1. Subtracting the Cα-Cα distance from 0.36 nm times the residue separation, let me have the gained length for Val134 to Asn248 in nm, one decimal.
2. Which loop-located trypsin sites (Lys or Arg not before Pro) does the stretch 53-88 contain, where loop means any DSSP state but H, G, I, E or B and the Cβ has at most 12 other Cβ atoms within 10 Å?
3. Within the set Lys97/Lys123; Lys77/Lys122; Lys77/Lys123; Lys123/Lys147; Lys77/Lys147, which residue pairs have Cα atoms separated by over 19 Å?
4. Roughly how many Å² of Phe218 are accessible to a 1.4 Å probe, to the nearest 10?
5. With every protein chain left in place and a probe of 1.4 Å, what is the accessible surface of Ile230, to the nearest 10 Å²?
6. Once you compute Rg and the Kirkwood Rh from C-alpha atoms, what is the Rg to Rh ratio for the stretch 186-238?
7. List the GluC sites (Glu not before Pro) in the stretch 116-169 that DSSP assigns to loop (not H, G, I, E or B) and whose Cβ has at most 11 other Cβ atoms within 10 Å. Which are they?
8. Under a point spin-label approximation (7 Å from Cα along Cα-to-Cβ), what is the Gln175-Thr199 distance to one decimal in nm?
Amino acid sequence: MLNTIITNRITGQAMNSFRENRSSLFARQFLLWTLALALLGTSLAAQAQQVVGQVTHLSGVLTVRHADGTRKVLGLKSAILQGDTLITERETYTRVKFVDNAEIVLRPGSEVSVDKYVYDEKKPENDSVAIGLVKGGLRAVTGLVGKRNHEAVNFNTPTATIGIRGTNFGAIFCQADCGGIPTPTGAPPAPGLYIDVATGAVLVANGGGQQLFNAGQFGFVPGPNQPPVIVPPASGLQFVMPPTISQNSNNGNKAVGATKGAPECVVQ
């Protein structure tokens with residue numbers, strides 16, 4: 001009888017010890033998973049907060065919407081982060097220079113997202129740039145990423161994707177908001193995406209097909225499932241920058257004023 005009692009006590013103590021060890025193991029595993037998720041979240045947040053560019057020229061009010069949804073007004077020398085969306089107000093022009101020396105200029109009433117901007121100086125195969133034209137228009141000049149890896153740079157628009165080929169090009173997306181742009185007939189430009197290429201070339205593609213546009217050519221994309229087409233210069237739109245934005249004399253030390261009477265874009 002005594003042996004039975006002793007045996008039961010020993011067995012019970014062993015089971016309790018096993019349960020305690022198992023609970024402790026689960027607790028440690030849970031802690032490790034929690035720490036791993038926290039580190040992953042920190043890494044993703046750090047990536048999203050990476051500085052990829054700077055405002056070098058500005059006339060008017062420029063607002064940014066960060067990846068976390070917060071908004072603020074930017075000024076000269078303001079940092080541009082990966083994941084930022086830039087919004088120009090009425091009569092506002094801005095020019096942004098990126099880490100690989102690429103540049104973009106936004107016309108008034110535009111919204112452009114810096115979806116991804118990865119420039120790896122030592123490993124070009126890691127380069128990846130994705131810019132989104134949500135509304136309005138922009139002019140873009142290729143930087144080092146685009147010069148050494150054409151496939152690494154894309155500009156996404158509501159109607160097509162623009163791939164660059166060592167380029168200076170303009171894009172204007174009209175959606176019943178281009179009434180101020182003059183045309184030969186006097187009627188507002190038709191809704192759609194307008195392309196002009198100053199140097200190099202761009203490959204424009206969507207669900208309807210693709211088209212290569214070379215220097216001096218103009219293009220038009222009516223919709224996401226209608227193919228891009230080359231149009232005569234008289235039917236094309238070209239985004240022309242005001243002198244205060246196009247000149248390189250302003251290095252961010254002082255604001256530039258809006259140029260009165262300067263055309264936002266012209267019909268060639």
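The values are calculated or read from the model by the stated rules, or taken from the named source; none is laboratory data. On a predicted model such as this, the values are computed, not experimentally measured, just so you know. Glycine gets a Cβ as well: all are built from the backbone with ideal geometry, and neighbour counts include every protein chain shown. These area figures cover heavy atoms from the full protein model, side chains too; ligands, DNA and RNA do not enter into them. Shrake-Rupley method; radii C 1.70, N 1.55, O 1.52, S 1.80 Å.
1. Numbers: separation 114, 0.36 × 114 = 41.04 nm, distance 2.69 nm.
Roughly 38.4 nm would be gained on extension.
2. Values: sites: Arg65, Arg71, Lys72, Lys77; in loops: Lys77.
Those that pass, being in a loop and sparsely packed, are Lys77.
3. Values: Lys97/Lys123 21 Å; Lys77/Lys122 26 Å; Lys77/Lys123 28 Å; Lys123/Lys147 14 Å; Lys77/Lys147 25 Å.
With Cα atoms farther than 19 Å apart: Lys97/Lys123; Lys77/Lys122; Lys77/Lys123; Lys77/Lys147.
4. Only protein atoms counted, so the area is about 20 Å².
5. 80 Å²
6. On the way: Rg = 10.7 Å, Rh = 11.2 Å.
With Rh from the inverse mean 1/r over Cα pairs, Rg/Rh is 0.96.
7. On the way: sites: Glu121, Glu125, Glu151; in loops: Glu121.
Answer in residue order: Glu121.
8. In this crude label model, Gln175 to Thr199 measures out at 3.3 nm.
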